[in-house]
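A short worksheet on the structure shown next.
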Amino acid sequence: MSVGAPPTRALAFDVNKAPLIQRRLLDGLADVELNPASAANRPAPMGSFARSGNDGCSAPLQGNVKVNQNCLNISDPDLQGRGQAQNETSIAADPLDPSHLVASFNDYRRGDGNCIGSYSLDGGRSWSDTLPPMGFTRGTAFGSAREYWQGGGDTSVAWDTKGNAYFSCQVFQRGASVSPNADLSSAFYVFRSTANHSASWNFPARPVIESPDVSGTGTAPFLDKQLMTVDSHQGSPFQDRVYVTWTTFEASGTAYIYEAYSTDFAETFSKPVLVSADSSLCGNSYHLPTPNGRCNENQFSQPFTGTDGALYVAYANFNNQQTGTDNRSQVLLARSTDGGKSFGAPVKVTDYYDLPDCPTYQNGADPARACVPEKATTTHSIFRASNYPSGAVSPADPSKIVVTMGSYINAASNESNGCTPAGLAPDGINAYTGVKTPGACNNKILVSVSNDGGATFNGASIDPRQMPTASGPKQATSSQWFQWAAFGNDGRLAVSYYDRQYGDDEMTGSSDISVAGSADMQHFGITRVTRSSMPPPTEFSGTFWGDYAGLAVVSGQAFPLWSDTRTPDLFLCPGTGTPGVAPAVCTGTTATTGPQAGLLANDEEIFGAAVQVPQG
């Protein structure tokens, strides 16, 4: 597929000046924070206010436990989400004591996104907040004693075999277009907790990589979408090694995947190592430079390790050559057997079809982004979303690797009912027929398996229409997305995801959380985790609900962690706070016009649950 020739010079951090392919790949958090023209930064007019009896401190919801422990801040209606939202989750269990859990998420209680988390000492039944000190870091690379960071997110957490917890955080400056500070620097840091079971963290955090641009030239790379793993396998040749992978967006328009590792408990990190190496699998380089080979447009990397010490990095690649209206992309995987010092040639995991263009099908919402449209004539579901890979290695057999990813064309997408690929929309995002047709298009979580240590995958030679999915018969006409995959100690695979199979979710744009389980990676049992449906998010004008959602599995129990919208939002009541009239707190609905007309304004909070991994 092709999106046309890009401009001769593009700034990676400026979505409006970047090539279409880079605009597509930049993650939602970065777009919300860096792009002042983003729909997520436009005011969301609110109306129909009613006095609220809610104190903003929600309780557990029907067996689901609230993880973030702050009460809801009161925002002005035009800043809904700022000072309030939590989304984009990661969770991990301590191998020395699985009842110790640490969770992380994007947290907007300070206005901009920040790296904040929670911890549990009782298997997820109760949680306390944990706040890494991310306000500033040593400024050596930036020409000063300190570098103060305006925003951060894209968090991930992990444990080593000695009981240390690790917290990875992306930080960045927003630049002169949003603030009086021209600084456009970005960086990745890792915090370590050596006491209190992840209740406290070292200061300052240790840098994985820093990209100084204090004068706002736009020529320095923007570092995006980092994820972390730790080799927590006893007896592994690389036991306790910390790995971080990410995407580097260059001003030239390229997006390569890199990795760095630490052998000293995240005190120092190696120089960046290229993961997305050149390959004949990449036949379309978008007329952009190829300094590190033809595979120059990548995103959504995830590192994970096996008991034998092998490191795997799965990532989405957009350089596959396509013809006509076919708009598939591909998932690639690279393997390192020397502790992250080098990687073999990428291997194809599978093809997949990304989610549809949001402006085309959802009343023009959020240009250059995909979303998960509901089937009705309404356009409530406009939060940005993309399909991405999530993989794991079986603890019972290090040669068995499973990678999951979403695909909008799949065994249940029912092309006979009009769901077919239709090339690309003008903004470079996938187009389809049948997007709003009940029973036609839907998104499914594909499952691709390797039984030879990642050398080959069964999905590499199977069309997405024939791939097995982590779903059951009742999900045939509904969408699933934002998945995570993990193995239990018994070798059963668990996959968590947002799910529209329940009630009228597929028609209203509401959603639930489900966990799927399988022993053979072919047949999946399904458990509903939420007992009531979550309405489409309304914060950030309804366009941002994070980019992924995490999962941990311990002794047959799955711990999904998600951003929940079942709690009504709170606002300062318009017209109050005048002389003689004290300010009042109200709830409200959206304006009577626009994509989300009529929806009750809701908050984004982090919730979790403990459920048995279903039998497949």
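The values are calculated or read from the model by the stated rules, or taken from the named source; none is laboratory data. Keep in mind that what you see is a predicted model, and the values were worked out from it rather than measured. Here Cβ is always computed from backbone atoms with ideal geometry, including for glycine, and neighbour counts include all displayed protein chains.
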Any hit, the range 458-479, residues being of a type outside the set (K, R), at pLDDT 95 or above and either touching a His at 6+ places or on another chain (Cβ under 6 Å) or on the phi > 0 side of the Ramachandran plot (or both): no
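From G594, G546, G556, which residue is crowded, with 24+ Cβ neighbours inside 10 Å and touching a residue at least 12 places away in the same chain (Cβ under 8 Å)? If you could, list the steps in order and put the result at the bottom.
Numbers: G594 fails: crowded, with 24+ Cβ neighbours inside 10 Å; G556 fails: crowded, with 24+ Cβ neighbours inside 10 Å.
Going through G594, G546, G556 in turn, the sole match is G546.
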F540, sole failed condition from (1) of a type outside the set (G, A, S); (2) farther than 29 Å from H380 by Cβ; (3) outside any loop (DSSP other than H, G, I, E, B): (2)
Residue match in the range 503-512 (condition: under 16 Å from the mean Cα position of the chain (by Cα) and crowded, with 22+ Cβ neighbours inside 10 Å): no
Selected residue (criterion: farthest from the chain's Cα centre (by Cα)) from residues of the range 95-131 that are in a loop (DSSP other than H, G, I, E, B) and within 12 Å of S198 (Cα to Cα): L121
Unique residue being at pLDDT 95 or above and surrounded by 18 or more Cβ atoms within 10 Å (Cβ to Cβ) when the list is D112, D129, D107: D107
Qualifying positions in the range 163-180 - surrounded by fewer than 18 Cβ atoms within 10 Å (Cβ to Cβ) and not hydrophobic (A, V, I, L, M, F, W, C): G163, S177, S179, P180
Selection status of G453, assigned to a loop (DSSP other than H, G, I, E, B), under 26 Å from R335 (Cα atoms) and in contact (Cβ under 8 Å) with a residue 24 or more places away in the chain: yes
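Scan S270, S301 and give me the residue that is under 21 Å from C169 (Cβ atoms), assigned to a strand (DSSP E or B) and not β-branched (V, I, T).
Criteria check complete, one pass: S301.
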Where a residue in the range 88-111 is closer than 20 Å to S496 by Cα and its partner, wherever it lies, is among the basic types (K, R), with Cβ under 9 Å and at least six apart: none
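Check A251, A260, A316 and return the single one that is small (G, A, S) and assigned to a loop (DSSP other than H, G, I, E, B). First the steps, then the outcome.
On the way: A260 fails: assigned to a loop (DSSP other than H, G, I, E, B); A316 fails: assigned to a loop (DSSP other than H, G, I, E, B).
Residue meeting the stated conditions: A251.
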Positions within the range 60-79 being farther than 19 Å from Y497 by Cα, in contact with a strand residue (DSSP E or B) (Cβ under 7 Å, 6 or more places away or on another chain) and not in a strand (DSSP E or B), in sequence order: P60, N68, Q69, N70, N73, I74, D76, P77
Residues being surrounded by 18 or more Cβ atoms within 10 Å (Cβ to Cβ) and more than 23 Å from F304 (Cβ to Cβ) - total across the range 250-278: 5
All positions within the range 213-228 that are part of a strand (DSSP E or B) and either of a type in the set (D, E) or surrounded by fewer than 19 Cβ atoms within 10 Å (Cβ to Cβ) (or both): D224
Restricting the range 286-319 to residues that are surrounded by fewer than 19 Cβ atoms within 10 Å (Cβ to Cβ) and touching a strand residue (DSSP E or B) at 6+ places or on another chain (Cβ under 8 Å), the residue that is nearest to K225 (Cα to Cα): N292
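Is it true that Y148 is surrounded by fewer than 17 Cβ atoms within 10 Å (Cβ to Cβ) and at pLDDT 95 or above? Break it down stepwise before answering.
Values: surrounded by fewer than 17 Cβ atoms within 10 Å (Cβ to Cβ): yes; at pLDDT 95 or above: yes.
For Y148, the condition - surrounded by fewer than 17 Cβ atoms within 10 Å (Cβ to Cβ) and at pLDDT 95 or above - is met.
Suppose we keep only residues that are part of a loop (DSSP other than H, G, I, E, B) and among the acidic types (D, E) within the range 547-598. Which one would you say is farthest from G491 (Cα to Cα)?
Taking the range 547-598 and keeping what is part of a loop (DSSP other than H, G, I, E, B), we get 547-550, 555-556, 565-567, 569-570, 573-584, 591-598.
Now narrow it down to the ones that are among the acidic types (D, E): 547, 569.
Numbers: D547: 27, D569: 41 Å.
Going through the qualifying residues, I end up with D569.
Here are some residues: S399, S394, S407. Which one is of a type in the set (S, T, N, Q) and within 20 Å of the chain's Cα centre (by Cα)?
Details: S399 fails: within 20 Å of the chain's Cα centre (by Cα); S394 fails: within 20 Å of the chain's Cα centre (by Cα).
The conditions single out S407.
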Any hit, the range 256-277, residues being within 20 Å of F457 (Cβ to Cβ), at pLDDT 95 or above, in contact with a Leu (Cβ under 6 Å, 6 or more places away or on another chain) and not acidic (D, E): no
In the range 83-99, the residues that are of a type outside the set (A, V, I, L, M) and either buried (at least 20 other Cβ atoms within 10 Å of the Cβ) or within 22 Å of A609 (Cα to Cα) (or both): Q84, Q86, N87, E88, T89, S90, D94, P95, D97, P98, S99
Subset tally (residues that are touching a Pro at 6+ places or on another chain (Cβ under 8 Å) and surrounded by 24 or more Cβ atoms within 10 Å (Cβ to Cβ)) for the range 564-587: 1
Tally of residues being of a type in the set (G, A, S) and either in a loop (DSSP other than H, G, I, E, B) or surrounded by fewer than 20 Cβ atoms within 10 Å (Cβ to Cβ) (or both) across the range 328-358: 5
Residue in the range 488-502 that is surrounded by the fewest Cβ atoms within 10 Å (Cβ to Cβ), counting only those that are out of contact with any Lys or Arg (no Cβ under 9 Å at 6 or more places or on another chain) and of a type in the set (F, W, Y): Y498
From D160, D183, D154, D231, residue being buried (at least 20 other Cβ atoms within 10 Å of the Cβ), more than 25 Å from the chain's Cα centre (by Cα) and among the acidic types (D, E): D183
Test: residue in the range 519-531 that is in a loop (DSSP other than H, G, I, E, B), among the aliphatic types (A, V, I, L, M), modelled with pLDDT of 95 or more and touching a Gly at 6+ places or on another chain (Cβ under 6 Å): yes
Selection count where residues are farther than 30 Å from P468 by Cβ and either among the aliphatic types (A, V, I, L, M) or not in a loop (DSSP other than H, G, I, E, B) (or both), scope the range 359-382: 4
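Kindly indicate the residue of the range 383-432 that is in a loop (DSSP other than H, G, I, E, B) and β-branched (V, I, T) and also surrounded by the most Cβ atoms within 10 Å (Cβ to Cβ) among those meeting that condition.
Filtering the range 383-432 for residues in a loop (DSSP other than H, G, I, E, B) gives 383-388, 394-400, 408-414, 418-419, 425-429.
Of the ones still in play, those that are also β-branched (V, I, T) are 409, 429.
Working: I409: 27, I429: 25.
Looking at residues that are in a loop (DSSP other than H, G, I, E, B) and β-branched (V, I, T), I get I409.
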